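The values are calculated or read from the model by the stated rules, or taken from the named source; none is laboratory data. Computed from a prediction, not measured in an experiment: that's the story for all the values here. Methodologically, a virtual Cβ is constructed for each residue, glycine included, from the backbone with ideal geometry; neighbour enumeration extends over all protein chains shown. Accessible surface is based on the protein model in full, side chains and every heavy atom, while ligands, DNA and RNA are left aside. Shrake-Rupley method; radii C 1.70, N 1.55, O 1.52, S 1.80 Å.
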Amino acid sequence: MPAASPARRPRVVLGVAGGIAAYKAVEVLRQLTESGHDVRVVPTDSALRFVGEPTWAALSGHPVSTGVWAGAAEVAHVSLGREADLVLVVPATADLLARAATGRADDLLTATLLTARCPVVFAPAMHTEMWEHPATRANVGTLRARGCVVIDPAVGRLTGADSGAGRLPAPAEIAALARAVLARAGSAANANGTGLAAGLMPDLTGYRFVISAGGTREHLDPVRFLGNSSSGRQGYALARAALSRGARVVVVAANVALPEVAGAHTVRVVSAVQLRAAVHAEAATAHVVIMAAAVADFRPVTRAAHKIKKSDGDPEPVALVRNPDILAELVAARQPGQLLVGFAAETGGPGADLLDLGREKLVRKGADLLVVNQVGDGLGFEVEDNAAVVLGSDGTETVIGRTSKDLLSHRVLDLVTARLAPADGSVIAVSDSTRR
Ligand code: CTP
């Protein structure tokens, strides 16, 4: 058997267009080089008006040029794109999106975009009016239809005093999204032992996901609550993985202290009742709902308006009432073609086998897939790694050994994708490219 080729550093081309957010691309570059990526920076001429060539060259460790004439002997405008594992454009301005959509090749970055045969991710940043203009919407729609990932910008403070949609997401989160794209390519390559696989193009373009994450809190009074230790890491990793494969993603986040996933629309909730309302509102137009949140089964019957004081007297037992089972409700109200995925974090116990509990839960909930994972003893909540067995309503049982939450997410999404291609094509249509 031939030896597997030694692992090489994943190659990223970081394209930088001429917008004020170019300064944030410096941090994206830093994050990617620190996590061991080989990054070649390709700025446009106007990007260099914001951040100079020495910064890009020093931080990437590679020479930098903007045009196709420098280093002609290396034919850089062809080789850079061909050899890249990922092309990431930060920030993507309205002008750059327009040039990419129309296939221009009048500088090194646009030429590289034409020769790239690897995943391409654009992180746009511009003023709200430019982002919302029909011309930009059409260009974004064209690029997405061609298999590029164009993430939605964040909503917030823009260059001046104004605020709205158009802000570049946090650089660390853009770098995390890039790693999620590469994790998928890396995992496929590891499976066949051939080094990094190019050509794992987005397979979830046009699909809309709703993913709940974190853990609900059921308040006894304004400062005390019944809660759980779910950090939201697994749900956020799933959101990142889905986005990296081209999906539009709404995250319903219950008490998650992590930075928002770049490109996702995040709805923040606290209690199970709030989570239920947010998930149902978003699920009506979703192809896939993944309930990764740890939802409290019970809530206090009453919530004190003021902090309960010792001086109020000896405590009464806390009376609880059952919370609605959101996943079961989603199953009952399922849209045609919609896929529903549950999570079951179990500790097992005396006479209680983890998988038997999972199999029983899958039937009871009626979901299509149930991701069963063991929690406690350094697994599950608040840790970087996870392991799971995914049970399918079709009787399949897929073991995913201990791995990063990013890779586990891709494995779960592989199972989702395999079930998302109905022969009759009856998936929910998302036709408007402007919808989130
Ligand atoms: N879930 C839900 N609504 C609830 C409780 C749980 O939608 N009120 C979802 C979770 O998000 C998860 C799945 O159901 O996807 C399983 O959650 P879990 O807490 O393991 O199941 P329970 O039904 O609460 O069963 P038990 O606590 O008895 O194990």
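Summary of computed values
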| read-out | value |
| --- | --- |
| Yes/no for Arg303 being more than 15 Å from the ligand (Cβ to nearest atom), surrounded by 13 or more Cβ atoms within 10 Å (Cβ to Cβ) and over 27 Å from Cys148 (Cβ atoms) | yes |
| Only one of Leu370, Leu357 that is assigned to a helix (DSSP H, G or I), of a type in the set (A, V, I, L, M, F, W, C), farther than 19 Å from Leu275 by Cα and within 12 Å of the ligand (Cβ to nearest atom) | Leu357 |
| Criterion: more than 15 Å from Val210 (Cβ to Cβ) and modelled with pLDDT of 95 or more - qualifying residue of Glu260, Glu316 | Glu260 |
| Qualifying residue in region 151-167 (condition: in a helix (DSSP H, G or I) and touching a residue at least 12 places away in the same chain (Cβ under 8 Å)) | no |
| So Val261, is it assigned to a strand (DSSP E or B) and in contact with a helix residue (DSSP H, G or I) (Cβ under 6 Å, 6 or more places away or on another chain) | no |
| Residue list for region 33-47, filter: farther than 22 Å from Val68 by Cα and touching a Leu at 6+ places or on another chain (Cβ under 7 Å) | Thr33 |
| Residue in region 319-339 that is more than 35 Å from the chain's Cα centre (by Cα) and more than 13 Å from the ligand (Cβ to nearest atom) present | yes |
| Filter pass, Ala277 being without any contact (Cβ under 8 Å) to a residue 12 or more places away in the chain and under 24 Å from Ala154 (Cα atoms) | yes |
| Residue list for region 15-29, restricted to those being closer than 13 Å to Thr93 by Cα and in contact with a Leu (Cβ under 6 Å, 6 or more places away or on another chain) | Gly15, Ala17, Ala21 |
| Top-ranked residue of region 242-294 - restricted to ones that are among the hydroxyl-bearing types (Ser, Thr, Tyr) and under 21 Å from Val149 (Cβ atoms), ranked as surrounded by the most Cβ atoms within 10 Å (Cβ to Cβ) | Ser244 |
| Flag if Asp297 is within 10 Å of the ligand (Cβ to nearest atom) and open to solvent by 80 Å² or more (accessible area, probe 1.4 Å) | yes |
| Spans of helices (runs of 4 or more DSSP H) in region 93-150 with at least 2 residues modelled with pLDDT of 95 or more and crowded, with 18+ Cβ neighbours inside 10 Å | 94-101, 108-115, 134-145 |
| Long-range neighbours under 7 Å by Cβ, at least six apart or interchain, first residue free of Cβ contacts under 8 Å to residues at least 60 places away in the same chain within region 114-132, second among the polar types (S, T, N, Q) | Met130/Thr136 |
